[in-house]
Amino acid sequence: MNANEPNFFRDQAVIADPRSYFDLMRERCPVSREAYEGTLMVTGYAAALEVLNDKEGVFSNAVSVVGPIPPLPFEPQGSDITGQLEEHRAELPWSDHLVCMDGARHAEHRAIVGSLLTFKRLRQNEDYLHGLADRMLDAIVGKGVRNIVPEYAHATTVYAISDLLGIPLEDRAELLELIGAPPSQIEGDAVHKIGSDPLVFLKERFDGYLRDRIDNPRGDLMSELVAARFKDGSQPRFEDLSGLARFMFGAGQDTTSRLIAMGVQHLGEDKALQAHMRADAKAIPAFVEELLRHDAPVKAVYRLARRDTRIGDIEVPAGTIVTVCLSGANNDPEHFAQPHDFRPDRPHVRDHMAFSRGAHACLGAPLGRMEARIAIERLLARTSDIVISEAHHGSPENRVYRYEPTFSFRNLADLHAELVPA
């Protein structure tokens, strides 16, 4: 073991500064085995693209969310573990959800979600998002130092996906509390030990919503979901529709909340950037893209090698868990010049992999981009300054921010700032 290698899955220093870790591993080799859980860390852009664009089904998504923790429920044997994986798939966390499906099952369920999240549907939601952002800002602009993470970033995205799905108004505040902060991966929260469905706590509620839509359809996304059919005309099982509804709710607020919070942090730290974005709203979409590239809400996704293969020149035995470091690829100097510089005018910025690539690229990317853009547009329009609280985060020369203890995601735990009215 290299004594100088931090533990990606446990070290608080990596939680605080993941880019330095990715730089260290990439300099060793863009594809190299880490010393603690035995996963293969892919930190180079080209190598990450190769894995994510896998068209042969060599890499399974079965471990996509949690990687090597908990470990596989079987000991991989031989040069092809496909049979073992299918035998034990139901024992893996998230296995009932879209993000961890493979092959035809994944394609069928993904097609249903894709048919719902249309450009027309998102455009219809845009006016609501403007009004929502303003209502959230009414409560915090000019009200002294506020915690931007729960009071603006998280609240905005939970209410946004709730409106899109058609969740009753009277339930939305309670759901905001229920979904809460992400679980601590490095401290082993029980949510990762309860079997295939960590969203089971939402099941009874969402089952009720969907049964109501079967009897009383209306013009919302859940009504369209219960009416959806597979391409062959067959009807999905109710349990599958329930899983899709819960996954869309969870995923639909999660990453965008992180993105908005990071955007406010950048604006508060860089007064010149803040002034430029406030003066030119047309620059905000590029600002959002650079946020996604520079410090993505999802640090890494995971793949399981079904059979012996290679990534570039590196041998990958069947049963290897591959950690595809999206943030590592997004900060690869072989692809992005001076990657640690934050440059909203960066050429080809949308080459980033913040929404992954390939068959599992995020279907909600257009919605996330729109929500983040509108949240930042309205914030800048309603304020004359965003001032980071020195009482909470220290002086500009000695800032301290807390990040949620997760190895997969990049989450500000809190962001205290004063929003000075325009």
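Taking the listed residues D96, D23, the one that is within 29 Å of A365 (Cα to Cα), modelled with pLDDT under 95 and of a type in the set (D, E, K, R) is D96, with no other qualifying. The set of residues from segment 374-386 being touching a strand residue (DSSP E or B) at 6+ places or on another chain (Cβ under 9 Å) and surrounded by fewer than 15 Cβ atoms within 10 Å (Cβ to Cβ) comprises just one member, S384. The set of residues in segment 69-96 being in contact with a Phe, Trp or Tyr (Cβ under 7 Å, 6 or more places away or on another chain) and part of a loop (DSSP other than H, G, I, E, B) consists of I69 alone. Looking at H97, H88, just one residue is surrounded by 15 or more Cβ atoms within 10 Å (Cβ to Cβ) and farther than 27 Å from E371 by Cα, and that residue is H88.
Residues of segment 120-141 that are over 21 Å from E224 (Cα atoms) and either surrounded by fewer than 12 Cβ atoms within 10 Å (Cβ to Cβ) or not aliphatic (A, V, I, L, M) (or both): H130, G131, D134, R135, D138, A139. Just one of the numbered conditions (1) surrounded by fewer than 18 Cβ atoms within 10 Å (Cβ to Cβ); (2) of a type in the set (K, R); (3) touching a residue at least 12 places away in the same chain (Cβ under 8 Å) is not true of R237: (3). For segment 272-297, filtering for residues that are basic (K, R) and touching a residue at least 60 places away in the same chain (Cβ under 8 Å) leaves 2. Here K55 fulfils each of the conditions (1) of a type in the set (K, R); (2) over 29 Å from G250 (Cα atoms); (3) surrounded by fewer than 16 Cβ atoms within 10 Å (Cβ to Cβ) apart from (2).
Of all residues in segment 49-62, none satisfies being within 17 Å of S408 (Cα to Cα) and modelled with pLDDT under 95.
When R237, R229, R246, R258 are checked against the criterion of being basic (K, R) and in contact with a strand residue (DSSP E or B) (Cβ under 8 Å, 6 or more places away or on another chain), R258 stands alone in meeting it. Considering only residues in segment 4-24 that are touching a residue at least 60 places away in the same chain (Cβ under 8 Å) and part of a helix (DSSP H, G or I), the one that is surrounded by the most Cβ atoms within 10 Å (Cβ to Cβ) turns out to be F22.
On the stretch given as segment 341-361, residues that are under 16 Å from V42 (Cβ atoms) and either free of Cβ contacts under 8 Å to residues at least 60 places away in the same chain or of a type in the set (A, V, I, L, M) (or both) total 2. Among the candidates V42, V31, the residue that is crowded, with 21+ Cβ neighbours inside 10 Å and either within 19 Å of the chain's Cα centre (by Cα) or among the aromatic types (F, W, Y) (or both) is uniquely V42.
Scanning segment 43-93 for residues that are in contact with an Asp or Glu (Cβ under 6 Å, 6 or more places away or on another chain) and farther than 23 Å from A296 by Cα yields P73, S79. Enumerate the helices (runs of 4 or more DSSP H) found wholly within segment 105-224, keeping only those where 2 or more residues are at pLDDT below 95, touching a strand residue (DSSP E or B) at 6+ places or on another chain (Cβ under 7 Å) and among the charged types (D, E, K, R). So the answer is none; nothing clears 2. The listed residues are E289, E269, E315, and the only one of them that is within 23 Å of R28 (Cα to Cα), modelled with pLDDT of 95 or more and charged (D, E, K, R) turns out to be E315.
Can you confirm whether A107 is buried (at least 21 other Cβ atoms within 10 Å of the Cβ) and farther than 30 Å from V400 by Cβ? Here the answer is no, as A107 does not meet what is asked.
Let me spell it out: the conditions are (1) under 22 Å from Q338 (Cα atoms); (2) free of Cβ contacts under 8 Å to residues at least 12 places away in the same chain, and A46 meets all of them except one. Which number is the exception? Only one criterion is unmet by A46, namely (2).
The values are calculated or read from the model by the stated rules, or taken from the named source; none is laboratory data. Computed from a predicted structure; not experimentally measured. A quick note on method: Cβ atoms are made from the backbone with ideal geometry, for glycine too, and the neighbour counts reach across all protein chains shown.
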